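First comes the structure, then the notes that go with it.
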Amino acid sequence: MNTSAQQKVIADFGRQWTHYTSNSGFYGSQELFRDIFEPLVPVQHVRGKHVAEIGAGTGRISAMLCEAGAAQVTALEPSAAWGVLRDNLRHYGDRVKCVQRTGDELPDGQYDMVVSIGVLHHIPDPMPVVRAAYRALKPGGQMLIWLYGAEGNGAYLRLVMPLRRLTRRMPHRFNAALAYAFDVPLVAYIAACKYLRLPLYRYMRAYLGKVTADKRRLVIYDQLNPEWAKYYKRDEAEKLLTDAGFQQVRSYHRGGYSWTVLGIKSGPMKAG
């Protein structure tokens with residue numbers, strides 16, 4: 001990623017995560033954590049592991065990892081939200097190390113697992129980040145990523161992509177106000193999905209229908225604001241890991257709208 005694009009992406013999420021700071025309710029729950037990680041990685045697999053999270057934002061996934069029993073979590077966040085991240089994770093003490101770095105600056109050779117949830121699809125060139133994760137893992141270590149999917153999102157993308165040409169250039173206050181405005185029809189759409197198999201009905205029922213109003217507005221804002229968003233086909237999502245050297249790459253079409261992908265660094269996992 002070139003420097004100007006990188007700085008724009010980082011600045012976008014710095015604004016986002018210093019405005020939307022809470023990880024409460026279903027949005028930060030172990031139920032949602034299981035939904036993201038399984039069936040590729042049983043949640044109990046995290047217990048006792050040293051895990052790095054790339055693009056930690058406000059610490060939602062890092063907190064989930066701690067609650068699942070991770071022994072040590074290194075949370076990387078390059079944006080202005082690093083202070084929010086540190087404050088949200090403070091009560092985990094020495095189990096969490098917050099580092100203000102980009103993902104391609106992940107230190108080598110330390111981790112049992114590296115995760116990146118909802119981040120790589122916002123990076124125009126994610127390969128340096130994935131390669132850094134490969135180098136940083138112990139032999140036998142795993143990388144798990146979650147990405148927007150192209151499959152299952154056709155109707156949605158025809159609506160949102162033209163809108164994003166405008167909103168990604170608009171100031172924070174404009175997009176935050178739009179999030180409030182769009183939340184009204186979204187609530188009606190979620191209700192309709194209880195009875196009709198509308199586009200993205202599984203996502204509406206299993207996720208958006210369970211979060212609080214402030215988290216719905218965050219989800220809307222998250223679609224309007226970022227400079228870059230790519231929706232990956234299955235082969236593209238898997239290729240991110242295979243091209244970096246990962247083996248036994250597997251993917252799961254989560255909720256019919258996204259991809260969770262897992263790869264393993266060759267060699268036996270080191271003890272401890």
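Readers should treat all values here as calculations from the given coordinates under stated rules, not as data from a laboratory. Just so you know, these numbers come straight off a predicted model, no measurement behind them. When we count neighbours, we look across all protein chains shown, and the Cβ atoms used for this are built from the backbone with ideal geometry, even at glycine.
For R131 and R95, what is the calculated FRET efficiency with R₀ set at 45 Å and r taken between the beta-carbons, to the nearest 0.05? Each step should come with its number before you reach the end.
Details: r = 27 Å, r/R0 = 0.60.
After rounding, the FRET efficiency stands at 0.95.
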Qualifying chymotrypsin sites (Phe, Trp or Tyr not before Pro) for the range 67-128 [loop in DSSP, other Cβ within 10 Å: at most 13]
none
Can you list the HN-Hα couplings for the range 178-191, worked out from phi with the Karplus curve (6.51, -1.76, 1.60; θ = phi - 60°), rounded to whole Hz and with x for Gly and Pro?
4, 4, 5, 5, 6, 5, 5, x, 5, 4, 5, 5, 4, 4
Just grab the label-to-label distance for A155 and F26, each label 7 Å out from Cα along the Cβ direction, in nm (one decimal).
2.0 nm
Sequence order, the range 46-56: Karplus ³J(HN,Hα) from phi using 6.51 cos²θ - 1.76 cosθ + 1.60, θ = phi - 60°, Hz rounded, Gly and Pro as x, gives 6, 4, x, 8, 9, 10, 10, 10, 9, x, 7
Any chance you could run the full-extension gain for R197 through T18? It's 0.36 nm times the residue separation minus the Cα-Cα distance, nm to one decimal.
60.9 nm
I need the phi-derived Karplus couplings for the range 61-78: 6.51 cos²θ - 1.76 cosθ + 1.60, θ = phi - 60°, integer Hz, Gly and Pro marked x.
6, 4, 5, 4, 4, 4, 5, 7, x, 4, 6, 8, 10, 9, 9, 9, 8, x
Cα centroid of the range 101-140 to Cα centroid of the range 176-231, whole Å:
29 Å
Please give, to one decimal in nm, the separation of the simple spin-label points placed at Q110 and Y180, each 7 Å out from Cα toward the Cβ.
4.2 nm
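Rounded to the nearest 0.05, what FRET efficiency do A206 and D87 have when you use their Cβ-Cβ distance and R0 = 25 Å? The partial results should precede the final answer.
Values: r = 30 Å, r/R0 = 1.20.
FRET efficiency, A206 to D87: 0.25.
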